[in-house]
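Read through the structure below, which is laid out as structure tokens, and then see the notes.
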Amino acid sequence: LNGEIQVFEDSWDCRIRGNNNNDNESKMIHMCTVEITKEMISSLNTEYGLSSKQANRLGRLLLKFKEKFGCVTTTIANMSLLGENVTILKSTSLRNNKSLHTGRRECEDNANNKINELSAMVQRTMVQHKPLRLTLGPRSTSRLEKFCDILQSLQGDSGSSGFSIGIQGRNYYPSTITTHSCGGQLKKNAVINSYIEEGKPPVQPNAAIRETCRFEKEWSNDFAGILCGTAVLPAKTMFYDGYFISLGNTRFPTAAHTKWCVGAGMYPTDLLTENHEFREIWAVLHSSVRPSLEETNGSPAIGVFLHRGKSYELIVNGITKLVII
């Protein structure tokens, strides 16, 4: 900052509101100047550094992590490859999503770059011993229906048309399912990620968090209209219980879409007990690795997560209904 910044404040005392005098004192307008210096701002910047002991520990962990986990890559899952519990919606053809390809190489480079960055940080600490800076659609008038009944109809229908399920994109926040190349080191390798809070990485589905995100143009050209479901997967863990519905005509935000802080779905609770020593490294990679969306004839796992016990507006066979999950 060069020079000084002047801030003017005023206040009005309601006790003399009827006073029509023109002098400043009677108007109760107070002027003040606040000077902000570089030193004041610098004092607010906290530098995070590693002690020699911490650097030694991190250095050993990084070597063990590379040996055990290898070069970590993350991919948006293919719904048709997630097991027999997936219900494919018959009314939707699963298109080839070549235009959605973001590349495994980019994902691999992101992971390698972050590991190398951590290694370089350890080296700088050991050599210099200096602190390091780490860096709403139409309202339904129909009766309340149960999603389990709709799903049963989907699974039992043998007709060529099947059922269709859709949502209004602006009523929901986006979610994904990601898989990792080091699945053998995890309790499960199909991780659901929900973009609940704007500007923040995704988290595991959590019905208690207030939603501030919605589908936008970075996720689909039809974000303001109806997004049709392509597949349904029930999901239950100790943290959430409900259904993931993948949607057609969706894409994953690119690196140029800086508004969205994408995440790979790397939560320490997913690590095997024997790998808990790597939980800090795993958590750092969560917002550093960009998932790849590979060319596939299946349906990419980009959609919404619906929590059990809550009600949602869904478009079933073209009719908007209030459905309880």
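Quick notes
- Any hit, the stretch 217-237, residues being out of contact with any strand residue (DSSP E or B) (no Cβ under 8 Å at 6 or more places or on another chain), of a type in the set (K, R), surrounded by fewer than 14 Cβ atoms within 10 Å (Cβ to Cβ) and not in a strand (DSSP E or B): yes
- Test set (1) at pLDDT below 90; (2) of a type in the set (V, I, T); (3) more than 30 Å from F65 (Cα to Cα) - T254 fails condition number: (3)
- Restricting the stretch 238-276 to residues that are of a type outside the set (A, V, I, L, M, F, W, C) and part of a strand (DSSP E or B), the residue that is surrounded by the most Cβ atoms within 10 Å (Cβ to Cβ) is S246.
- Matching residues, the stretch 308-319, being in contact with a Gly (Cβ under 9 Å, 6 or more places away or on another chain) and open to solvent by less than 40 Å² (accessible area, probe 1.4 Å): L314, I315, V316
The values are calculated or read from the model by the stated rules, or taken from the named source; none is laboratory data. Treat the numbers as computed from the prediction; the structure is a model and nothing was measured. All Cβ positions, even for glycine, are placed from backbone atoms using ideal geometry, and neighbour counts span all protein chains on display. Side chains are part of the model used for accessible areas, which takes the heavy atoms of the whole protein and leaves out ligands, DNA and RNA. Shrake-Rupley method; radii C 1.70, N 1.55, O 1.52, S 1.80 Å.
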